[in-house]
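Read-outs: derived from the displayed coordinates by stated rules, not from any lab. Keep in mind the model is a prediction, meaning the values are calculated, not measured. Here the Cβ positions follow ideal geometry from the backbone for every residue, glycine too, while neighbour counts run over all protein chains shown.
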């Protein structure tokens, strides 16, 4: 934690909120590797927010909004109205401008405790690329901003000078420009945003990509499902030795631009420190994860992706964030859920099926000569369930991706995930590895791309947020 004092700002819907503090040393690594957080606690209702400003000589790589309380099931959700980088002013923010502030605005239906963030770096070479687009009154629209050749996205967002707007989705994309193909380890080249203009007159919006020529930031993805008329959140955690410069949230579900019928609302999207908690993330902390929360009103359950843009720590820094002290035998205190301190990842994301079997249940993992390993770290001892699903091609029917049949072969193609098996392990606090040969028991998995989702449950029955990763099997081992 930083020694900078924590500040609290109180306001009403008409108030303008701003502030923040910063403290970080410059390390000898890729530009942006010294990035740390400025966080301002706010207590507000209605539409409030304001710019967070980096100290002189620093550049903003990312920023956003986080809730200091959990989501309330069934409640009408609050939503993010704006979240974007700026130069000295929004109107002057054009291509090539150095980002020095982050403007975040949230609409709260009742008094709400939340935080706004900017991630600042003294060593970053980041500049802004922007795309302007007009959205009609009480309608929705989208646009993308692309980084110049030889540069990559380290952050981004969307905003407007209009008085009333909603961020529907906002996040990075790889070189394909599609969220479906954007996976862990990819280099982000685009930023995409979907917005809603809640005023009656047309309004000009801008989508921004924060671009760096020298950063080594790559994407870290966590997937999660949200039921219809429900809200939920996901957490994308950077691997050990890396920190988040920016991040966002997008969907694998239907995207239909149809007036006010756009089906999603971003509730929160912002960085968190090694505790994975917005309430504990303060000035001077290093962003280790990106937290995203969304409201789904599409009419069907949908899958979403939270994406963190993770860069190397400075040379000589600790190889991984500090872990909480181990939980006592039997699990943590009742009511405290376990956390993935480091998200689920693969030692090798592309491999062939090994000759040995993968035990379906085991107390202690054993090493295998082929295949790969699942890697993760926990805040306490827990039983971990790892669900593996194979990516297949389906057909889009009524906004849902269905199994392909002769009857629907003329429909638009889509991606769907079909359960391939489940592994269960007892895991301790801190770092864990699970050997994986590409088999469930002795059954081989077919070549293809897979999505894996892990959930940890402690002895008291408390469950973690899911953590996801992907892998590819290229051939069976004969």
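Brief remarks follow.
- The label-point distance for residue 446 and residue 349, in a model that sets each label 7 Å from Cα toward Cβ, rounds to 2.4 nm.
- The range 340-473: relative contact order in percent, alpha carbon pairs under 8 Å with at least 6 residues between: 37
- Counting other Cβ atoms within 10 Å as a rough exposure proxy, the listed residues 281, 144, 166 run 144, 166, 281 from fewest neighbours to most.
- Among 412, 42, sorting on how many other beta-carbon atoms sit within 10 Å of each Cβ, with the fewest leading, yields 412, 42.
- Taken over the range 340-473, the alpha-carbon convex hull comes to 119 cubic angstrom per residue.
- Residues 414, 120 arranged by fewest to most Cβ contacts within 10 Å: 414, 120
- Here the label points at residue 175 and residue 279, each 7 Å from Cα along the C-beta direction, are separated by 4.5 nm in the simple model.
- Cβ-Cβ FRET estimate between residue 94 and residue 229, R0 fixed at 56 Å, reported to 0.05: 0.90
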